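Data block below; observations after.
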Amino acid sequence: MNITDPFRDADGDKLREECGIFGVIGARDASAMVALGLHALQHRGQEAVGIVSFDGQEFYSTKGQGHVAANFSSGEAIASLPGIMASGHVRYSTTGGSGLRNVQPLFADLASGGFSIAHNGNISNAMFLKRDLVRKGAIFQSTSDTEVIIHLVATSRYPTLLDRFVDALRLVEGAYALICMTPVGMIACRDPLGIRPLVMGKLGEAMVLASETVALDVVGAEFVRQIDPGELVEIDFDGNVRSHRPFGNESARPCIFEHVYFSRPDSIVDGRSVYQVRKEIGAQLAIESPVEADLVVPVPDSGVPAAIGYASQSGIPFELGIIRSHYVGRTFIQPSDGARNADVKRKHNANRALVAGKRIVLIDDSIVRGTTSLKIVQMMRDAGAKEIHFRVASPPTEHSCFYGVDTPERSKLLAARMDVAQMAEFIQADSLAFVSIDGLYRAVGEAGRTKACPQYCDACFTGEYPTRLTDLAEREDPDQYSLPVEKVA
Ligand code: SF4
């Protein structure tokens, strides 16, 4: 029997962030703080979790499949990770690479001493680099793209670890937010475009790094600042922070989908409240695609802020016309008769008394394959809704992501196969509209998208990838190629 993650749609019909990272240096209970921080980042990856700690002499590592709480809620688990420095990682796997050997942080003994690395993102020339490294004798222990960085650091000819690290990153294309640990402290950095997020906080004498500000809040740390795109930060055990900018000054292109869906609404991303941005996207949708209706209903939970924004802009009442179960766990064997869309209904159920006979504006954050949208529309019709006008708080997702987000191959994306009218017919909605790309940019506080030099990565909507995609260009079959395929026994 398959096991479904409670956070995931029954048929995987959502883009999924693949990783969250968290690190702390200078705290007596560092690994306990990391476990708590990773718990706050659980929405960024639920298949596996790992923590590495350092006690001044030795590095310690614990990894496991599943959620943070399942692996790190016991005193024994935390006691096995001593020291005042620790970092951790939550992840999804891609293309079958879910073995424990791929669970991060990865660790290696280099000439300079122990080195651990936790990576959020995806290296888009990992296969190219790996082929060359293997030819030169490197022996890979995992099928993770992140291990390429370790081998590049190990084989660099520069004298200091920092120079070797920079030398390695100069060869790497794609997206990376990294937290690394060495015997002398922590190194954090973001790729030159800042595609994936990373923020820094402070708790007493301890310095804290996290993918999102919500993790700082949860451990009680005060937000200091984001790590800037292309910035590399060294933090020592006395709390001294040294900033380097080894990649020059490129224009930043952070992932705009962090605002649409990935980040928690209580996080601050790129200086903006994710919740407020999502409300503003809903308001833009109402301006761009108004419709006569009785109720605005979100697909919970991710559609809620945009629906509030749509309702407030349009004057149509906001109501919870779909109720989400918080107890979705294992997949059930479906009864063969009389249980249309039972998989969706276990997670979402129509509030029949509210929606029967009503014209509904249904708000969701995105449409990926379209199969879940179809089931939700059918569920609302079964509950007696008179009209269903589907409004989507992102532009059509027409392209795959190669920067650390699990996207179906392009041929499976509904928007890559159909125009909006065809998509409306496919999901059986009375009307369908997406926020425009300029509307999305307005919601994040820009005047619009600057065509010549877009302010964000928006490649899954526009197809304009901000980096080279070397591995993809070498392939005949343009699937996502974030990790080599690993056969799971
Ligand atoms: S392609 Fe889309 S999901 Fe991927 S980094 Fe760019 S905006 Fe984000």
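Only the coordinates and a few stated rules stand behind these numbers; no lab work does. Just so you know, these numbers come straight off a predicted model, no measurement behind them. Cβ sites come from the backbone with ideal geometry, for glycine too, and all protein chains shown count toward neighbours.
Below are the figures for this structure:
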read-out	value
Dipole magnitude of region 68-147 about its Cα centre (Cβ charges: Lys, Arg +1; Asp, Glu -1), debye to nearest 20	300 debye
Over the chain: helical MRE at 222 nm, DSSP H runs n ≥ 4 each giving -39500 (n - 2.57), nearest 500	-7000 deg cm²/dmol
Computed E for Ile139/Glu58 - FRET, C-beta separation, R0 22 angstrom, nearest 0.05	0.40
Pairwise Cα inverse-distance average, inverted: Kirkwood Rh of region 84-242 (Å)	16.1 Å
Exposure proxy ranking, count of Cβ atoms within 10 Å, fewest first, for Lys14, Lys451	Lys451, Lys14
Sorted peptide list for 41-48, 134-141, 362-369, 81-88, criterion being average Cβ within 10 angstrom, highest first	81-88, 362-369, 41-48, 134-141
Gain in span if fully extended, Val241 to Leu203, counting 0.36 nm per residue against the direct Cα distance	12.2 nm
From phi via Karplus (6.51, -1.76, 1.60), per-residue ³J(HN,Hα) for region 266-272 in Hz, x at Gly/Pro	8, 8, 9, 10, 6, x, 10
Directionally averaged shadow of region 91-151, computed from the convex hull of its alpha-carbon atoms, nm²	4.4 nm²
J(HN,Hα) series, region 155-162, from Karplus relation 6.51 cos²θ - 1.76 cosθ + 1.60, nearest Hz, glycine and proline x	9, 5, 9, 6, x, 9, 4, 4
Relative counts (whole %) of C-alpha pair distances in region 18-69, using bins that are 10 Å wide	26, 55, 18, 1
Among His259, Ser302, Ala221 the positive-end extreme of the charge dipole of region 189-335 (Cβ point charges)	Ser302
Size of electric dipole in the chain: Cβ of Lys, Arg +1 and of Asp, Glu -1, about Cα centre, debye, nearest 20	540 debye
Net lengthening on full extension, Ser74/Val420 (0.36 nm per residue, minus Cα-Cα)	119.5 nm
Volume per residue of the C-alpha convex hull in the chain, rounded to whole Å³	149 Å³
Using θ = phi - 60° and Karplus 6.51 cos²θ - 1.76 cosθ + 1.60, couplings along region 170-178 (whole Hz; Gly, Pro as x)	5, 8, 8, 10, x, 10, 8, 10, 10
Cα long-axis angle, helix 371-382 against the chain (0 to 90 degrees, to the nearest 10)	30 degrees
Distance (nanometres) between label positions extended 7 Å along Cα→Cβ at Arg272 and Arg131	4.0 nm
Burial order of peptide ranges 393-401, 283-291 (average beta-carbon count within 10 Å, highest first)	393-401, 283-291
Modelled FRET efficiency - R0 56 Å, Ser112 with Lys386, Cβ distances, 0.05 increments	0.25
Cα shape, region 14-136, gyration tensor, a/c 1.5 rule	oblate
C-alpha center-to-center spacing [region 434-449, region 274-294] in angstrom	12 Å
Global size of region 146-216 as Cα Rg and Dmax, reported in angstrom	13.3, 39
Length released on extending from Thr450 to Leu320, taking residue separation times 0.36 nm less the Cα-Cα span	43.1 nm
Positive-end residue, the chain charge dipole about Cα centroid, Cβ charges, pick of Leu374, Ile195, Ala69	Leu374
